[in-house]
1. Mind checking which pairs have a first residue in the range 1-12 that is part of a helix (DSSP H, G or I) and a second that is among the hydrophobic types (A, V, I, L, M, F, W, C) and modelled with pLDDT of 90 or more, Cβ under 7 Å, 6 or more apart or different chains?
2. Would you say Thr392 is hydroxyl-bearing (Ser, Thr, Tyr), in contact with a helix residue (DSSP H, G or I) (Cβ under 6 Å, 6 or more places away or on another chain) and within 30 Å of Thr457 (Cα to Cα)?
3. Is there a residue in the range 91-99 that is modelled with pLDDT under 95 and assigned to a loop (DSSP other than H, G, I, E, B)?
4. Are any of the residues in the range 81-103 touching a His at 6+ places or on another chain (Cβ under 6 Å) and surrounded by 22 or more Cβ atoms within 10 Å (Cβ to Cβ)?
5. Going by the structure shown, is Phe411 of a type in the set (A, V, I, L, M, F, W, C), within 30 Å of Gly195 (Cα to Cα) and in contact with a strand residue (DSSP E or B) (Cβ under 6 Å, 6 or more places away or on another chain)?
6. With the condition kept exactly as written, say whether any residue in the range 101-113 is of a type in the set (Ser, Thr, Tyr), over 18 Å from Thr66 (Cα atoms), assigned to a loop (DSSP other than H, G, I, E, B) and not assigned by TED's automatic domain parsing to the domain that holds Ile264.
7. With a cut-off of at least 1 residues that are in contact with a strand residue (DSSP E or B) (Cβ under 9 Å, 6 or more places away or on another chain), name the helices (runs of 4 or more DSSP H) lying wholly within the range 145-188.
8. For the structure I just gave you, tell me whether Glu275 is acidic (Asp, Glu) and touching a Leu at 6+ places or on another chain (Cβ under 9 Å).
Amino acid sequence: MELNIDIKKEQETAQQHIKDQGFRVLVCGGTGCVANGSLEVMDKFRELGANVSTLSAHDKMTVVPTGCHGFCEQGVLVVLPEQHTTYVKVKLADVEEIFNSHIVGGKPVERLLYVDPKTQEHVQKNDDINFYAKQTRTALANCGHINAESLEEAIAVNGYEALANALKENNPDAVIQEILDSGLRGRGGAGFPTGLKWKFTAANKGGKSYVVCNGDEGDPGAFMDRSVMEGDPHKLLEGMAIAAFAIGADEGYIYVRAEYPLAIKRLRKAIADAEAAHYLGKNIMGTDFSFTLHIKEGAGAFVCGEESALIASIEGERGMPRPKPPFPANKGLFGRPTLINNVETLANVPVIMRKGAKWFSSMGTETSKGTKTFALTGEVNNTGLIEVPMGTTLREIIFDIGGGIRGGKKFKAVQIGGPSGGCLTEEHLDLPMDYESLTKAGAMVGSGGLVVMAEDTCMVEVARFFMNFTKNESCGKCVPCREGTKNMLKILEKIVNGRGELSDLEVLEDLANTVKDGSLCGLGKTAPNPVLSTLKYFKDEYMAHIVDKKCPAGVCTALKTIKIREDLCKGCTKCARTCPVGAIEGTVKQPHHIDQSKCIKCEACLTNCPFKAIVKE
């Protein structure tokens, strides 16, 4: 096809636009940093820089609102790229000091630099911060480095170049083959080969077809897709346009949960800007290829992450899964062939098409190519969003990138894959993070949630927490999931409340396998994973709850025993005055006692005792 846009000239113009901004101050504008006050930080920098005539060889300063930098634990983040400096936990009151001392005076503000949790030393450069050092960013490459709402800045970092090349070569089959050769697999759950899905959908020649982006990120603690949509929306749009060209679609939908207002706002602007510049819409870049994009806001149902439920929701029906076959590739949205990929999968497409399948497949393992984003949360020093080559071990992620366990505690387990995943233990720390290895261990990559747990975590309570989530999120369409998750939760609640019996474990495992085998969609089929994995690796904790009526981690309220040590109690009566139910008895200057039949285990007495005479067993 003949293009009426010279993408290389567009890039040169966009890169000059960045140079003309002078001294750039990058301030994180992701959801987490916005909640911590980054908008006020940006305004203050703009105010201070407005009337300054000279700044480190520049005649002006530009404050750039970026997407998520990933280092959420340390927000608000401010980066001075020319000075190779990253400031963390920046507050409004810190802005003037950074401006006067470093931007104008050239002297870094040491107290606002990242402190390595192992060495306790300040680190100035991003490349030297352990959180970033072992990452390899592909989908997240531009997040935190460009203005998330600027089409020009997206073009300056090669945006829409891959689409232009694909249109110029005009060979949809070659695009599909490149994605096949790259080894890219779906980053939203099961890891189905992306190119194969494209090939199946493209085989349905003639008539209308659709491309749908699954941005319904519902896992607790997961925010990988949100960060791409907020930080580099044009990369997603370009990936969808390339996919549409490859399969012969002219219309697409981005399904985003309504709880992501900033992502929706930036996607809407990105679509409008791309259409105005003829990178989307009718006759893209002067060719006969057209692609129109819509945004569908979801209501926050976890089940709508399942592709057939998502389709039903877009069609205006209740989000409930449908039996398969037929698969969406044959009969999907409005009964037409439909390609569905998640945000991260599509964000990888432009990079693969630009750098080549061999480049992408050189990363990762034999069967799991490329990189994967993970939301690293829980009991680690460095929480946040990371991207690493597939096959990276849990040990590297938790102890190198994550900086180890908070407070010097001992590592106990990690829940991987969200509510649909499983718990892995210390024996799995050197397990490569790839699809096959994790499945074999009873877990899954899933969308990429990683919740790290320390020694004081109760694994029975973890299983109960995730089962409560999946029970609430079940759409109720099929009996195994609707009734099975409900009854599994009842048994888990019975155990954590100290009423469990040994026979419950057998029933719980049978129920879990029944739900896994008999459910209609992925939600039900994977809902038992946290239960089955904790039963496999932490059965001793279940036994302690049932046989000994003890919670080894001291977490389960009903199994706590709070006592007063007579040798330490001074009879000050503060505990008795604090107790909300009058469970503490005793006279002044004499040791007190707790009536266990009245005690509600609120721990108010334990918190308020000045002599540390109250203990929890």
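The values are calculated or read from the model by the stated rules, or taken from the named source; none is laboratory data. This is a predicted model, so every value here is computed, not measured. When we count neighbours, we look across all protein chains shown, and the Cβ atoms used for this are built from the backbone with ideal geometry, even at glycine.
1. Listed by first residue and then by second, the contacts come to Ile7/Ala164; Glu10/Ile155; Gln11/Ile155; Gln11/Ala156.
2. Criteria not met by Thr392.
3. Within the range 91-99, none of the residues are modelled with pLDDT under 95 and assigned to a loop (DSSP other than H, G, I, E, B).
4. no
5. No; evaluated as a whole, the condition is false for this residue.
6. Within the range 101-113 (the criterion being of a type in the set (Ser, Thr, Tyr), over 18 Å from Thr66 (Cα atoms), assigned to a loop (DSSP other than H, G, I, E, B) and not assigned by TED's automatic domain parsing to the domain that holds Ile264), the answer is no, since none of the residues qualifies.
7. Those helices (runs of 4 or more DSSP H) span 151-156, 172-182.
8. Yes: the conditions hold for Glu275.
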